[in-house]
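Read the structure below first, then the notes.
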Amino acid sequence: MSTPVRLKEVVDIVVSMELWKNMEGLSIRGSDNISALSDHVAMNPRHNFVAISGDQLIGTVLGRFDGRRGYIYHLAVHPDFRKQNIGNELMERCFQSFRDIHVTKCHMMVLRDSVTIKIINAIKALRNISHSLNSEKRGLMSFKELIKNSVKEFVWETN
């Protein structure tokens, strides 16, 4: 059975923050507060998603569009619900929201000190999703380069 994924609402912010606080490799900064996140959701209503199981929020992804590029932050899935393609579904929904408005380049923020196998697997899933676009890719960094350089962001780009 598939996990329902829906657009994130302002009422989801507090629960999302609780999920993020318990995520290894996810950094919570001063700008990750209720007011700033409420503004983010209001300004980007079609690019933020949550996964729900029963009445529990189990996954999130924040997307932002600056008029030129997409940005992805805080992809997170509760540890008890991993290995069920929930992260892939969240990313696919976020990417589709960008494709719907003809975004051709997207940055995914990754912590330099968090380049673990879990992050690499998430990025591999991201790359698999981008291959489904059937467009020429430019600027995609190899995973070896990603690990070697411990880069801060991963770029998905189509032309």
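The values are calculated or read from the model by the stated rules, or taken from the named source; none is laboratory data. Please read all numbers here as calculations on a predicted model, not as lab measurements. Because the Cβ atoms are built from the backbone with ideal geometry, glycine has one as well, and the counts that use them run over all protein chains shown.
Assorted remarks:
- Test result for Lys118, at pLDDT 85 or above, closer than 21 Å to Ser16 by Cα and basic (Lys, Arg): no
- Yes/no for Thr3 being closer than 29 Å to His102 by Cα, of a type outside the set (D, E, K, R), part of a loop (DSSP other than H, G, I, E, B) and in contact with a strand residue (DSSP E or B) (Cβ under 6 Å, 6 or more places away or on another chain): yes
- Single match in Ser38, Ser16 (criterion: assigned to a helix (DSSP H, G or I), out of contact with any strand residue (DSSP E or B) (no Cβ under 7 Å at 6 or more places or on another chain) and within 29 Å of Thr104 (Cβ to Cβ)): Ser38
- Listed by first and then second residue, the pairs linking a residue in region 83-95 that is assigned to a helix (DSSP H, G or I) to a residue that is at pLDDT below 85 and among the polar types (S, T, N, Q), with Cβ atoms under 8 Å apart and 6 or more places separating them unless they lie on different chains, are Ile86/Thr3; Asn88/Asn128; Glu89/Ser2; Glu89/Thr3; Phe95/Ser130.
- Considering region 37-62, and only residues there that are under 13 Å from the mean Cα position of the chain (by Cα) and either exposed (fewer than 14 other Cβ atoms within 10 Å of the Cβ) or among the aliphatic types (A, V, I, L, M) (or both), the residue that is farthest from Ser97 (Cα to Cα) turns out to be Ala51.
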